[in-house]
1. All but one of (1) surrounded by fewer than 19 Cβ atoms within 10 Å (Cβ to Cβ); (2) in contact (Cβ under 8 Å) with a residue 12 or more places away in the chain; (3) in contact with a strand residue (DSSP E or B) (Cβ under 9 Å, 6 or more places away or on another chain) hold for S269; state the number of the condition that does not hold.
2. Please verify whether W466 is modelled with pLDDT of 90 or more, at negative phi, out of contact with any His (no Cβ under 9 Å at 6 or more places or on another chain) and crowded, with 17+ Cβ neighbours inside 10 Å, treating the condition exactly as stated.
3. Can we say P499 is modelled with pLDDT of 95 or more and either in contact with a Ser or Thr (Cβ under 7 Å, 6 or more places away or on another chain) or of a type in the set (D, E) (or both)?
4. For region 145-167, which residues satisfy the criterion of being part of a strand (DSSP E or B) and farther than 12 Å from L208 by Cα?
5. Have a look at D263, D310, D275 and point out the one that is under 23 Å from the mean Cα position of the chain (by Cα), of a type in the set (D, E, K, R) and part of a loop (DSSP other than H, G, I, E, B).
6. Restricting to region 474-500, name every residue that is of a type in the set (A, V, I, L, M) and outside any loop (DSSP other than H, G, I, E, B).
7. With respect to V317, is the statement that it is open to solvent by less than 10 Å² (accessible area, probe 1.4 Å) and under 23 Å from F180 (Cβ atoms) true?
8. Among the residues of region 329-351, write down those that are surrounded by fewer than 22 Cβ atoms within 10 Å (Cβ to Cβ), of a type outside the set (G, A, S) and either at negative phi or assigned to a strand (DSSP E or B) (or both).
Amino acid sequence: MINTANGMISTPSSSANAQSPGLKTYFKTPEGRYKLHYEKTYPSGLLHYSHGKTVTQVTLAHLKEKPAPSTPTASSSSFTGSSGVKSAAARWLGAGNGSRALSFVGGNGSSKSVSSAGRIGSLGSSSPSNSMTNTNFDGKGTYLIFNVSDSIFISDLNSQDKDPIKSIHFSNSNPICHAFDQDAKNGHDLLIGLNSGDVYSVSLRQQLQDVGKKLVGAQHYNKDGSVNNSSRCTSIAWIPGGDGAFVVAHADGNMYIYEKNKDGAGDSSFPVIKDQTQFSVAHARYSKSNPIARWHVCQGSINSIAFSSDGACLATVGRDGYLRVFDHSKEQLVCGGKSYYGALLCCAWSMDGKYILTGGEDDLVQVWSMEDRKVVAWGEGHNSWVSGVAFDSYWSSPNSDGTGETVMYRFGSVGQDTQLLLWDLEMDEIVVPLRRCPPGGSPTYSSGYPPGGSPTFSTGSQSSHWDNVCPLGTLQPAPSIQDVPKISPLVAHRVHTEPLSGLIFTPESVLTVCRQGHIKVWMRPSGAESQSSNSETVSSSKDKPLVSNTLGSTSHKQ
């Protein structure tokens, strides 16, 4: 149970997600308190031997009312905590059925008769004669899809019940990544990538309607690793506006593009990669082949991929420490650069497509500008690897006058240090002066200093990093850490007892997930709370400048 009288969590030792008594059930921001509303997890009896072999990722999926049989399947929205990617259609959340996205009165109409302990022996589709329909499912709602060990769990976000309403067991491999299509037109809207390299597409609605113990109506791709010798799936994404096309990234440095409307067993063969260090694209030889293309991106694993909201650009981060941004339609490298240390683990786009966040083994959060094609800010605050980043597109500055002249971004990051960090970044105050600053000169600000009252640099010097925009198709080395503005977190809060793996922003909450499969829903401040708490939180935030004039040493995890 959760005892909120003193703001601390007290849970029974037998609970599947027992919490440390030192964890608070809220954290403060200038706009008010974010409060822990409830938690989601898997049934405690389902801890399999392979539990420690996978990292839990979470996908948020919103299903609208089921359409009439003569019309295509309703469009829906999704965003995934693993990469921070958020579709523009996520604005449907809270508006699909005329109610708030997280109105916690009742559930989604799903029956609890589905056994969450169900196991399946094979991954084939169930036959119509054996398929049972859940008559209590009304075809709409908001759901959490997350993987733990060798199972996929589906939870009703609008219910305060911790346990999932559906589980799907994979007998021969572990699910690693998943994605939900915001514009599915023929029913298949959910992708699942496995440790074996196999990929499945299914209808989420159909899985919820069926009370069986296995995938229903699944399309199988890369069966038994026929395409890529069973290289592990690492990240998966639908192509925005791609009419059913999707991309699967693998641990061997390759990405494959599939079309869900083609046979998943279609023959595909690609030429041998001559130079593993060079980016290359190969297309399938036959029109019926699936996958239709292979992109060789890097040596070593691709750890995460993310599309810009318009689908024009694709960002990847990998084991080699590089962010790479591609023009998807032209199949060309646009820009990229290296981390300060180690691998990059996660990336996310701003909704306007102007900035990209990355995080990784150097414990830093970096902000990349698509206009400048380089790093424009870096954030220090985590004590271990950064495992998830995301922009909060639903947040607006409390002091905004609505003119839109100054662009302020709020974003979040989570790490293996169990912390959630929130950051505020006023890009006009950082990027514009740096673009105008002459080589060897010091940045100047129209207001004297950026928000927070401190200059950006402690040295007052500047290198060629800011001389001009990086050429197209260039991978940049990591710039000197003294040449890039440092930002400090607005909030640092320990939210779990286990290392974190992702976060998602919704119109009314922030979701955090740990590697072990426990999810927490933090409700945003209400209007009344924001006004009453501004006096105490805003004053304290003035003591912590947004842009620091001290450049501390980076803590690396060896």
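The values are calculated or read from the model by the stated rules, or taken from the named source; none is laboratory data. A quick note: this is a predicted structure, and the numbers were derived from the prediction, not measured. Neighbour counts are summed over all protein chains in view; Cβ atoms, including those assigned to glycine, are modelled from backbone coordinates with ideal geometry. Only protein heavy atoms, including side chains, enter the accessible area calculation; ligands, DNA and RNA are left aside. Shrake-Rupley method; radii C 1.70, N 1.55, O 1.52, S 1.80 Å.
1. (3)
2. Working: modelled with pLDDT of 90 or more: no; at negative phi: yes; out of contact with any His (no Cβ under 9 Å at 6 or more places or on another chain): yes; crowded, with 17+ Cβ neighbours inside 10 Å: yes.
Spelling it out, it is not the case that W466 is modelled with pLDDT of 90 or more, at negative phi, out of contact with any His (no Cβ under 9 Å at 6 or more places or on another chain) and crowded, with 17+ Cβ neighbours inside 10 Å.
3. Working: modelled with pLDDT of 95 or more: yes; either in contact with a Ser or Thr (Cβ under 7 Å, 6 or more places away or on another chain) or of a type in the set (D, E) (or both): yes.
In short, yes.
4. So the first thing to find is which residues in region 145-167 are part of a strand (DSSP E or B), and the list is 145-148, 151-156, 166-167.
The answer is F146, N147, V148, S151, I152.
5. Details: D263 fails: under 23 Å from the mean Cα position of the chain (by Cα); D275 fails: under 23 Å from the mean Cα position of the chain (by Cα).
Of the residues listed, the single one that is under 23 Å from the mean Cα position of the chain (by Cα), of a type in the set (D, E, K, R) and part of a loop (DSSP other than H, G, I, E, B) is D310.
6. Selection gives L475, I481, I487, V491, A492, L500.
7. Values: open to solvent by less than 10 Å² (accessible area, probe 1.4 Å): yes; under 23 Å from F180 (Cβ atoms): yes.
The answer is yes for V317.
8. K330, Q332, L333, V334, K338, Y340, Y341, M351
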